[in-house]
Amino acid sequence: MKEKKIILVSCGPFEKEFLRKIGHAVDLEFRIPVEIEDGHIDLEPFYSPGRRQYEGNKLLQKVSTCTKSDFTKIVGLFRVDLFIPILTYIFGQAMLRGDAAVVSVYRLKNELYGMRKNDALLLDRTIKEVVHELGHTFGLIHCHVPNCVMRSSTYVEDIDQKTTHLCLRCRKAFEEVGE
């Protein structure tokens with residue numbers, strides 16, 4: 001049996017310490033080692049000129065080709081505005097019980113909402129979104145516990161109300177998957 005490993009692929013310019021802190025938080029939550037890699041995806045084919053955004057579903061299909069390494073799960077981290085056809089925007093997207101997820105920091109930044117830059121809050125929101133999307137890859141669905149990281153988030157305020165952790169029920173469901 002191959003060793004479990006989550007790869008966090010930096011698909012854009014991110015500070016190493018930012019990525020390291022995300023990787024550490026993911027490792028603590030899922031107890032699976034995280035490796036960080038630089039990746040490059042030509043974003044042009046994923047751009048929708050009419051929306052001025054990038055298609056999340058198509059990026060999701062592409063992200064697993066960003067590495068030659070073996071992995072259990074892979075998350076592509078982006079800086080661009082993502083959408084799926086049925087929603088105006090998304091923070092991230094994952095294949096339920098799949099191996100890939102994408103997360104963008106674009107709508108997680110305070111500056112987008114006319115507020116002062118806050119690097120600590122951006123890191124916190126990004127960790128929550130990465131953990132949330134990875135939860136979906138492990139088969140977890142949206143949770144109704146208010147502070148569970150698997151609770152659905154429509155707005156950044158929703159993300160801010162959650163913790164970076166799975167609630168007891170989601171933790172149990174994750175452990176039962178036996179990934």
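Values in this text are rule-based calculations from the coordinates and carry no lab data. These figures come from a predicted structure and were not determined experimentally. Here Cβ is always computed from backbone atoms with ideal geometry, including for glycine, and neighbour counts include all displayed protein chains.
Using DSSP to call loops (not H, G, I, E or B), can you name the GluC sites (Glu not before Pro) in region 1-84 whose Cβ has at most 11 other Cβ atoms within 10 angstrom? Show your work: numbers first, answer last.
Working: sites: Glu3, Glu15, Glu17, Glu29, Glu35, Glu37, Glu55; in loops: Glu3, Glu15.
Passing both the DSSP loop test and the Cβ count: Glu3, Glu15.
Express as a percent, rounded to the nearest 5, the fraction of DSSP beta bridges in the chain (both residues included) that run antiparallel. All intermediate terms of the calculation are to be shown ahead of the outcome.
Values: 7 of 25 bridges.
The antiparallel proportion sits near 30 percent.
Using a cut-off of 20 Å between alpha-carbon atoms, which lysines can reach Lys21, once sequence neighbours fewer than 8 places away in the same chain are excluded?
Reachable lysines: Lys4, Lys5, Lys73, Lys109, Lys117, Lys128, Lys162.
Got a sec? Charge dipole of region 89-142, +1 on Cβ for Lys and Arg, -1 for Asp and Glu; which of Met95, Ile141, Leu112 is way out at the positive end?
Positive-end residue among those listed: Leu112.
Mind telling me which of Asn110, Asn118, Asn57 comes out most flexible in a GNM of the chain, alpha-carbon contacts under 10 Å?
Asn118
So, with +1 on the Cβ of K and R and -1 on the Cβ of D and E, and no other charges, what is the size of the charge dipole of the chain about its Cα centre, to the nearest 20 debye? Walk me through the numbers before you get to the answer.
Details: 26 positive and 25 negative charges, 51 e Å.
Dipole size: approximately 240 debye.
Can you tell me, using C-alpha contacts under 8 Å and at least 6 residues apart, the relative contact order of the chain as a whole percent?
Working: 328 pairs, mean separation 31.8, N = 179.
With pairs under 8 Å counted, the relative contact order is 18 percent.
Can you compute the FRET efficiency between His144 and Asp70 using 1/(1 + (r/R0)^6), with r the Cβ-Cβ distance and R0 = 41 Å? Round to the nearest 0.05.
Values: r = 35 Å, r/R0 = 0.86.
Once rounded, the FRET efficiency stands at 0.70.
Where the centre of each part is set by its Cα atoms, how far does region 101-157 sit from region 1-45, in angstrom?
Here the answer is 16 Å between Cα centres.
Over the alpha carbons of region 1-101, what is the largest minus smallest coordinate on each principal axis, giving the biggest first in Å?
Each principal axis gives a Cα extent; for region 1-101 these are 43, 29, 24 Å.
Taking Cβ-Cβ under 4.7 Å as the only way to count a partner, pick out the unpartnered cysteines of the chain.
Cys11, Cys66, Cys170
Any idea what Rg and Dmax come out to for region 65-133 if you just take the C-alpha atoms, in Å?
13.2, 41
Extending each Cα 7 Å along its Cβ direction at Asp38 and Glu157, get the distance between those two points in nm, one decimal.
Inter-label distance under the simple model: 4.0 nm.
Express the Stokes-Einstein translational diffusion coefficient of region 35-94 in µm² s⁻¹, to the nearest whole number, given a Kirkwood radius over alpha-carbon pairs, 25 °C and a viscosity of 0.890 mPa s. Let's see the in-between values first.
Working: Rh = 12.3 Å.
Taking Rh from Cα pairs, D becomes 200 µm²/s.
Would you list Arg31, Arg51, Arg107, Arg125 from fewest to most Cβ contacts within 10 Å?
Details: Arg31 10, Arg51 13, Arg107 18, Arg125 24.
Least crowded to most crowded, the residues run Arg31, Arg51, Arg107, Arg125.
Over the Cα atoms of region 93-158, Rg to Rh with Kirkwood Rh, two decimal places? Provide the component values of the computation, followed by the final result.
Working: Rg = 12.4 Å, Rh = 12.5 Å.
Ratio of gyration radius to Kirkwood radius for region 93-158: 1.00.
Across 5 Å bins from 0, what is the distribution of all Cα-Cα pair distances for region 6-177, in whole percents?
Each 5 Å bin holds this share of Cα pairs: 1, 9, 19, 23, 22, 16, 7, 2, 0.
In the neighborhood of Ile74, defined by Cβ-to-Cβ distances under 13 Å, what is the net charge if each Lys or Arg adds +1 and each Asp or Glu adds -1? Show your work: numbers first, answer last.
Details: positive: Lys4, Lys5, Lys62, Lys68, Lys73; negative: Glu35, Glu37, Asp70, Asp99, Glu133.
Neighbourhood net charge equals 0.
Length gain on complete extension for the stretch Asn110 to His24, per 0.36 nm per residue less the alpha carbon to alpha carbon distance?
Details: separation 86, 0.36 × 86 = 30.96 nm, distance 2.32 nm.
The Asn110-His24 span can extend by a further 28.6 nm.
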